[in-house]
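Heads up, the thing below is written out as structure tokens.
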Amino acid sequence: MIFHITSRTAWDEAQKRGDYRAEGFAKEGFIHCSTLAQVLPVANNFYKGQSDLILLEIEPTLLSAPLKWEPPTGGTPPPGVAEGDMFPHIYGPINLDAVIRVVEIISKPDGAFELAAS
């Protein structure tokens, strides 16, 4: 499985539109994703202090867009991710049937995150 952090609002809009496109997709040409081990370091580095976040669990074999494993954007992984770790990038919109589960990301009092129990 691979994972993508987004807002509840963006996910609701995707369900109305019929596919999911991350905010930076038009500019970067791909959608940033993570492995499970990378999720919390990425969330804490890039989304700290935000609320209303969810995690899309994606089954790669169901994607209609190409998936590539690449070095982190900028070349340096966020704190908590090992040097040399590759990140999954989806080069197209995410078809909704590839999202097999949605999990709430809980913001703790210090602004860091944890995943809701499922």
(message) Go through (1) touching a residue at least 12 places away in the same chain (Cβ under 8 Å); (2) small (Gly, Ala, Ser); (3) out of contact with any Pro (no Cβ under 8 Å at 6 or more places or on another chain) for residue 24 and report which single condition fails.
(response) (1)
(request) Return the total of residues in segment 56-74 being assigned to a loop (DSSP other than H, G, I, E, B), surrounded by 11 or more Cβ atoms within 10 Å (Cβ to Cβ) and not polar (S, T, N, Q). (result) 5
(request) Pairs only if they're at least six apart or on different chains, beta carbon under 6 angstrom, first in segment 52-63 and farther than 19 Å from residue 42 by Cα, second modelled with pLDDT of 95 or more and open to solvent by less than 20 Å² (accessible area, probe 1.4 Å); list them, first residue then second. (result) 59/98; 60/2; 62/98; 63/98
(request) Report, by residue number, each residue of segment 43-100 that is aliphatic (A, V, I, L, M) and farther than 28 Å from residue 16 by Cβ. (result) 81, 82, 86
(message) When the residues of segment 1-31 are narrowed to those that are of a type in the set (A, V, I, L, M) and part of a helix (DSSP H, G or I), which ends up most open to solvent (accessible area, probe 1.4 Å)?
(response) 26
(request) For residues that are open to solvent by 40 Å² or more (accessible area, probe 1.4 Å) and either without any contact (Cβ under 8 Å) to a residue 40 or more places away in the chain or among the small types (Gly, Ala, Ser) (or both), tally how many sit in segment 32-44. (result) 2
(message) What are the pairs with Cβ atoms under 7 angstrom where one residue, in segment 76-95, is farther than 26 Å from residue 61 by Cβ and the other, located anywhere, is among the β-branched types (Val, Ile, Thr)? Sequence gap at least six, or different chains.
(response) 78/42
(message) Checking residue 48 against (1) loosely packed, with under 12 Cβ neighbours inside 10 Å; (2) outside any strand (DSSP E or B): exactly one of these is not met. Which one?
(response) (1)
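The values are calculated or read from the model by the stated rules, or taken from the named source; none is laboratory data. Because the structure is a prediction, the values reported are computed rather than measured. Positions of Cβ are backbone-derived with ideal geometry, glycine not excepted, and every protein chain shown enters the neighbour counts. Each accessible area value is taken on the protein alone, full model and side chains, heavy atoms only, with ligands, DNA and RNA left out. Shrake-Rupley method; radii C 1.70, N 1.55, O 1.52, S 1.80 Å.
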